[in-house]
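To keep things clear, I will list the structure first and then write my remarks on it.
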Amino acid sequence: MMKKFRSMSDTNLLLTITIVVFAVMYLCAVVFLGEGFRTPQTFLNLFNNNASLIIISCGLSLVMITGGIDISVGGVTALVCMSCAVNLDLHGGNVVTSMLIALGIGLAFGLVQGFLIAYLDIQPFIVTLAGMFFARGLTTIVHTDPFNVQNEDFVKLRDTRITIPGLGSTNRKGIYVDAYIEIGVVIAIVIVLALFFMLRWSKLGRNFYAVGGNQQSALMLGINVKRTKFFSYVLCGLLAGIAGYVYFMHAGSGSPSHAQGAEMNAIASSIIGGTMLTGGVGNIIGTLFGVLSLNTIKDIVSSIGLQDAWWTGITVAVMLCLFLIIQSIVMTRKNAKGSAGKETAAQS
Amino acid sequence: MNMVKKIVSKQIFIPCAALLLLALFNLINDPSFFKITLGHNSDGDPVLNGNLITILDYGSELAILAIGMTLVTAATGGQDISVGAGIAIAGSVILRLLCGSNSHPTELQNPLIVAFIIAVVVSMAFSAFNGVLVAYFKIQPMVATLILFTAGRSIAAWINNNELPIISTNCDKSFGYWGNYIPGIPIPTPVFIAVISVLIIMLVLKFTNLKLYTQSVGINPKSSRLNGLNPELIKITSFVILGVCVAICGLIKVSRLQTINYSVVAKDIEMDAILAVALGGNALSGGKFSMWASILGAYVIQFLTTTLYKLDVRSDALPAYKAIVVIVLVVASAPIVREKVGKFFKKFKSNDSKGGAAA
């Protein structure tokens, strides 16, 4: 057993930690905090409320696996919401044009940032920081004030709920309510699965890991490092565009303050999910659990009476700090083991 | 020709050129931009008014931050993005100590100097925390400071129980002097604070090994260690110095308004501080730095901000324009682009000389 644990790869070790943390946390909540957490709908709401965050975090994980970072995703989400809202209500667009706008904005950000980072070799943090400010600034240029979208087709789409039979519960008035999920959740899950399979079995997916693990050796293996990096940012931008639309479907409005701090939550989720900042290590399923853990913590904090807004900020930061330190320890242990291994090899 | 090359290759040339460009733009656009008038404020004290004074006034905070940010950038090759949150914390600590538990005090509970010193210590402690994460846990600086960036404003609100303490002029007048004007002196006080800070850091850089050590750690931590330096300690020192700068900015910020708004105070200032360092021509990947260039860069950024305001750009749209400036700057200073442009010019030149020879 011990040997098996030792031989576990970093990806699996970090993934296991995340899943165990999530399971323990949720079980504790169910046992000690009672009613609210026992209904299946509470669990499904974790997905309903965070579908866009799941998609953003997946995109960010891709970039982080290749050793980069993208903090423009929150800004892109807000920009997409605002642009789609303006398109639908003020410019007489329909659902299809608004979707195209969302994808276009995401793709444009991905292409430009990817080009600057991969081909001009500029620090990703600076480029995407500028991207974030650009997107946020542009959001207020597109429209200043928050407003709700009235377009009929869109409202129909927004209110579509997929009921799940058998998981419903009776509410306080004794009426049976079906459990439901929103369309965004389906999109999020499809994306999670698609990316999981891509990372595991496609050539591009394996290239992501190779580039993140060690650029030099990836180059020597004949991988086009620049193009791989470029693709990771393009994918991340595209996913941010999709996430923007999912957020838009959830909120049904455009506002400059939408998705405030989403980039920080996404980075935190990816890190908690076991994606290493140094690149080469990570798992999309872990990211999914990262998002769930992060929001379970938030729910727990607010349900034990610490409702003040600052507690969530502080708990998220503490959790992030904890997981960063775990990663750092795992890394140093691995390095120590690596050099020890070399020494024994040299001795023999 | 050689003379031109010498001037152009100097690091301080970049911010100077940007400053001249902006000044020229404003001169053409609206010459009254540079007008300075002597007016009186509501208390009847003489004050100078004008865009240039605004730039000097608000640029001072940025210049103080740029001092610390330059050192952190040089030593660690990354930037601290938690300075805005740090300013909120420092400001909150100052107000908490001055006001005690009452949010509208009739008299100060502690002398300002005590409040300020404690704020400096708190700010240094938070910065040291960032420094430890960066130096010992080897986390990228921007990600390590992300923790405080997320939590900082929450901590600031928590320190004051989410109340908004106000120090009214009935309670204490002198508190407002630090961010505004001292009666009788028409120049804003932050300018003096900035001048003193710059003088101190220049003396420190001149008479200690700080500059040499910081640069060598930034260029190569491993070889610095082999040369007997302690890279971890130097990285943490650079963060702690930034902490002091952040506390000074916190004092100026809360003194300006005599109150604090946790979510708005010093918002996006980290972007401006990083921009100041980049505009100063310092490599954002660490190593050599020029303090003068960064400080000048800070004032250029403020010049840009004021110019944009003058062009009726709304404050929330401002980041979009600044982001374009950043991108242009980093693209222009990227090694690959420079190499390509250099090659192009060489080709151009050799063609030119060939043409000359043929003629």
Quiz item: Between B:Val132 and B:Asn220, 0.36 nm times their residue separation minus their Cα-Cα distance comes to what?
Solution: 29.8 nm
Quiz prompt | Whole-number percent relative contact order across chain B, with pairs defined as alpha carbons under 8 Å at least 6 apart | solution = 30 percent
Practice problem: Could you please rank B:Lys206, B:Lys288, placing first whichever residue has the fewest other Cβ atoms within 10 Å of its Cβ? | Solution: B:Lys206, B:Lys288
Exercise. Go through the stretch A:245-253 residue by residue and turn each phi into a ³J(HN,Hα) via Karplus (6.51, -1.76, 1.60, θ = phi - 60°); whole Hz please, and just put x for glycine and proline.
Key: 5, 5, 4, 4, 5, 6, 8, x, 8
Exercise. Using θ = phi - 60° and the Karplus relation 6.51 cos²θ - 1.76 cosθ + 1.60, list the HN-Hα couplings for the stretch A:76-86 in order, rounded to whole Hz, with x at every Gly or Pro.
Key: 4, 4, 5, 4, 4, 4, 5, 5, 5, 4, 5
Quiz item: By count of other Cβ within 10 Å, fewest leading, how are A:Cys28, B:Cys245 ordered?
Solution: A:Cys28, B:Cys245
Quiz item: Tell me, what does the Kirkwood hydrodynamic radius of the protein assembly as shown come to in angstroms if you use every pair of distinct C-alpha atoms?
Solution: 27.4 Å
Quiz item: Rounded to the nearest 0.05, what FRET efficiency do A:Cys28 and A:Val177 have when you use their Cβ-Cβ distance and R0 = 25 Å?
Solution: 0.45
Practice problem: Starting from the amide H of B:Val47, placed 1.01 Å from N in the peptide plane, find each other amide H under 5 Å away whose residue is 5 or more places distant or on another chain. | Solution: B:Gly39, B:His40, B:Asn41
Quiz prompt | Ranked packing of B:115-127, B:95-107, most packed first, by mean Cβ within 10 Å | solution = B:115-127, B:95-107
Quiz item: Does anyone have the angle between helix B:291-310 and the longest principal axis of chain B? Alpha-carbon axes, 0 to 90°, nearest 10?
Solution: 70 degrees
Quiz prompt | Close Lys-Lys pairs in chain A, where close means Cα under 23 Å and separation is 8 or more or interchain | solution = 9
Quiz item: In vacuo Debye scattering of chain B, one point per C-alpha: log10 I(q)/I(0) at q = 0.07, 0.08, 0.10 Å⁻¹?
Solution: -0.34, -0.44, -0.67
Practice problem: Could you work out the mean count of beta carbons from other protein chains within 10 Å of each residue's beta carbon in B:150-157? | Solution: 6
Quiz item: Quick one: if the Förster radius is 56 Å, what FRET efficiency do B:Asp45 and A:Ala108 give, using the C-beta to C-beta distance and rounding to 0.05?
Solution: 0.60
Quiz item: HN-Hα J couplings of the stretch B:62-73 from phi, Karplus 6.51/-1.76/1.60, θ = phi - 60°, integer Hz, Gly and Pro as x?
Solution: 5, 5, 5, 5, 4, 4, x, 5, 4, 5, 4, 4
Quiz item: Along the three principal axes, how long is chain A when you take its alpha carbons, biggest first, rounded to the nearest angstrom?
Solution: 74, 51, 36
Exercise. Considering Cα pairs under 8 angstrom that are at least six residues apart, work out the relative contact order of the stretch B:1-147 and quote it in whole percent.
Key: 15 percent
Practice problem: With a point put 7 Å past each Cα toward its Cβ, work out how far B:Asn161 is from A:Thr16 in nm, to one decimal. | Solution: 4.8 nm
Self-check item: Farthest positive-ward along the stretch B:2-312 dipole, Cα basis, beta-carbon charges - from B:Cys16, B:Ile269, B:Ile219
Solution: B:Ile219
Quiz item: So, with +1 on the Cβ of K and R and -1 on the Cβ of D and E, and no other charges, what is the size of the charge dipole of chain B about its Cα centre, to the nearest 20 debye?
Solution: 1840 debye
Quiz item: Taking each residue of B:203-209 in turn, how many C-beta atoms of other protein chains fall within 10 Å of its C-beta, and what is the average?
Solution: 0
Quiz item: What's the Cα-based Rg to Rh of the stretch A:1-158, Rh via Kirkwood?
Solution: 1.08
Practice problem: With r as the distance between the Cβ atoms of B:Asn209 and B:Ala332 and R0 = 30 Å, compute the FRET efficiency 1/(1 + (r/R0)^6) and round to 0.05. | Solution: 0.35
Quiz item: Are any of the pairs B:Lys267/B:Lys322; B:Lys10/B:Lys222; B:Lys10/B:Lys288 more than 22 Å apart by Cα-Cα distance, and if so, which?
Solution: B:Lys10/B:Lys222
Quiz item: In which sequence would B:Glu163, A:Glu263 go, from the one with the fewest C-beta neighbours within 10 Å to the one with the most?
Solution: B:Glu163, A:Glu263
Quiz item: How many nm separate the modelled label positions at B:Lys288 and A:Asn94, each set 7 Å beyond the Cα in the direction of the Cβ?
Solution: 6.2 nm
Quiz item: In nm, to one decimal, how far is the B:Asn29 label point from the B:Thr259 one, both placed 7 Å along Cα→Cβ?
Solution: 3.3 nm
Quiz item: Which cross-chain or sequence-distant (5 or more) residues have an amide H under 5 Å from the amide H of A:Ile164, H modelled 1.01 Å from N in plane?
Solution: A:Ala179, A:Tyr180, A:Ile181
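Taken together, the values in this text are just the output of simple stated rules run on the coordinates, not laboratory data. All of these numbers come straight from a predicted model, not from anything done at the bench. For neighbour counting, all protein chains shown are included, and Cβ atoms are generated from backbone atoms with ideal geometry for every residue, glycine included.
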